[in-house]
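Everything on this sheet refers to the single structure shown next.
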Amino acid sequence: MLNVNNVQIVYDNVIEAVRDASLSVDEGQIVTLLGSNGAGKSTILKGISGVLYPEEGNIIGGTITLNGESLIGRKPDEIVRSGVVMVPEGRQLFEPLTVEENLMMGGITRSRSGATEALENVFDIFPRVKEKRSTIAGYLSGGEQQMVAIGRALMSSPRLLMLDEPSLGLAPQIIAEIFAAVSDLSKQKNVSVLLVEQNAELALSIASYAYIIENGRVVMDGPPDKLMDNEDVKEFYLGFSESGHRRNMRDVKHYKRRKRWLS
Amino acid sequence: MDYFILLTVSGIAIGVIYGLIGMGYALIFKATSVVNFAHGEIMMLISYMAFSIASSWTLPFWGLLLVCVFISAIVGLVIERVFIRPMLGQDVFSTVMVTIGLAVMIRAVVVLIWGADPLLLPTDIGDSGVEFGMVFLYTSQLYAIGLLAFCVLGMWVFLRFSRMGVAMRATAARETTALLMGINVTHVYAIAWAIAAVIAGISGVLLGTIYGLGPDLWTQGLRAFPAVILGGLDSVFGAAISGILIGVLENLSEGYIGQGLKEISGFLVILVVLMIRPYGLFGTPEIERV
């Protein structure tokens, strides 16, 4: 459904954030992008959503297509209309607005009646949000804010939902609740999910395919079980050492392993 | 006491116009984070246009106002499209500089077309008025009070209940997220400019009717500026209320302390306000969970 092919993204015309990134997401599939800080994961999502330009970012190569149609150069609202929506990192709610107003803004691309209908759907998925509908969004707890942020994105009835680090700064119980909701969404409503996460274990547990990104490149990809078997992934992303117990950091030759991926 | 009431009432009469002008500043700042230094000039431009219309056709006051509302919406849209939109994505400061340039341009254009002599805006309400006890108010001043109330109510309904109004508040809160949700931000900006210009137009017609026209009419925009700071730059309603406060304060300070204080009393107040409440009386401090 979504195909990202050899995309290269630069900021300010000089800083290369992403190079030769290729990935694809199929209908109803949960795909995860893993990688450390600054690897370029969020930049890829922003590139797909068409919101690089406020940060002086530019896609200078490659293609991004949704069902064969190019998304590059289209306006953010057209991209939302075509069924691709993103939940930004750190929730980014409209703090001074009420929860309901926040949600209604997620449905701005739809008709008023369509948005009202979508509102009921969101309340079904996150009953807790319904209780808080007239609260000022800025005063919600982190977990509730994340639910509103996801709900707001769902208001546009997306076919592809992109989540940028939904687990950031949340309690494990809330994370489990949110991940369960996302998982249900893809199973029951056939919504595709592109999930960016730092918590690799969690992401691999619900994804059906994963990409690992380093320094703006896809260095490894495969189904979760294949990645989880990989020694490097185990060590760098899941925190296990080969023998299963702690190692002396002096023995770890990080640079050699990373180099192998990059060459 | 009589003197006090007299000063207060006439202060309110001028204050409502400051309030109207201030609402325009606040709306543009709220939606686009730009202080529009050409706001007073846009107001002057429209009041001169109103003069041309009123001298070509004999229109009743409300008819004239309606035509001017229409024209000012177009003026607002054109200014946004031609001068402001190309600045999108640039530093806010650059856009503010553009508005200053625009202000100077409009001042020159107005003198070029209409000349520098003071003019009277001919309307059918003229010098009529109503006497309340010992206070006399012109009909136009009463209209000004009514129109401010109307604009405040209209803006409240717009920002609270219409989708465009909520989208405007959302864009003001977080622009990038607004883009991500599919809000057409350029559209929001254009509408904000159009509405601000309409409010400027209304205040321009009122000023022209009450005080007449002159090439220095734009200074009223500057005089209204303390109201916006006092209310909080991003509070449309705060600007309306503070406009009245500043108007009354100006009058009282002149009446009781002395001539010349009228011009500066508003600015003295904002000095104090900025020290105590930097976000103004009604502005939003950052919402933060503790």
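The values are calculated or read from the model by the stated rules, or taken from the named source; none is laboratory data. Everything numeric here is computed off the predicted structure, so don't read it as measured data. Positions of Cβ are generated from backbone atoms using ideal geometry, with glycine treated the same way; all protein chains shown enter the neighbour counts. Heads up: the accessible areas ignore ligands, DNA and RNA and are worked out on the full protein's heavy atoms, side chains in. Shrake-Rupley method; radii C 1.70, N 1.55, O 1.52, S 1.80 Å.
Here are the numbers for the structure shown:
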read-out: Reduced Cα scattering model of the range B:150-290, Debye log10 I(q)/I(0), q = 0.09, 0.11, 0.18, 0.21 Å⁻¹; value: -0.35, -0.52, -1.16, -1.35
read-out: Residue-count net charge about B:I195 - beta-carbon cut-off 13 Å; Lys, Arg +1, Asp, Glu -1; value: 0
read-out: In Å², nearest 10: area of A:S70 left accessible to a 1.4 Å probe; value: 60 Å²
read-out: Summed side-chain charge close to A:S205 - residues other than A:S205 whose Cβ falls under 13 Å, Lys, Arg +1, Asp, Glu -1; value: -3
read-out: Placed amide H near A:L2: partners under 5 Å, 5+ positions off or other chain; value: A:V25, A:N67
read-out: Principal axis box of chain A, alpha-carbon based, largest edge first, Å; value: 59, 41, 32
read-out: Rounded, prolate or oblate (a/c below 1.5 giving rounded, otherwise prolate when a/b exceeds b/c) for the range B:3-89 by Cα gyration tensor; value: oblate
read-out: About the Cα centre, charge dipole magnitude for the protein assembly as shown (Lys/Arg +1, Asp/Glu -1 at Cβ), debye; value: 940 debye
read-out: Amide H partners (placed H, <5 Å) of A:M86, local residues excluded; value: A:M162
read-out: Three-way shape call for chain B based on the alpha-carbon gyration tensor, with the a/c threshold at 1.5; value: oblate
read-out: Accessible area per residue in Å² at 1.4 Å probe, computed on the range A:23-134; value: 40 Å²
read-out: Computed over the range B:2-276: relative contact order in percent, which uses C-alpha pairs under 8 Å that are six or more apart; value: 41 percent
read-out: Structure-based [θ]222 nm, chain A - -39500 (n - 2.57) summed over DSSP H runs of at least 4, per residue, nearest 500; value: -10500 deg cm²/dmol
read-out: Neighbourhood net charge (14 Å Cβ-Cβ; Lys/Arg +1, Asp/Glu -1) for A:N58; value: -2
read-out: Integer Hz, Karplus 6.51/-1.76/1.60 couplings in order for the range A:193-209, x for Gly and Pro; value: 10, 10, 10, 9, 9, 9, 7, 5, 4, 4, 5, 5, 6, 10, 7, 9, 7
read-out: Helical segments meeting 20 Å axial Cα length and Kyte-Doolittle 1.6 threshold in chain B (DSSP H); value: B:61-79, B:92-114, B:185-211, B:261-276
read-out: Exposure of A:T135 as accessible area (Å², to 10), given a probe of 1.4 Å and all protein chains; value: 50 Å²
read-out: Heavy atoms of A:K226 accessible to a 1.4 Å probe, total area in Å² rounded to 10; value: 120 Å²
read-out: Fraction in percent of alpha-carbon pairs per bin - 10 Å, the protein assembly as shown; value: 4, 16, 22, 20, 15, 11, 7, 4, 1, 0
read-out: Fraction of accessible area attributable to carbon and sulfur, the protein assembly as shown (%, probe 1.4 Å); value: 59 percent
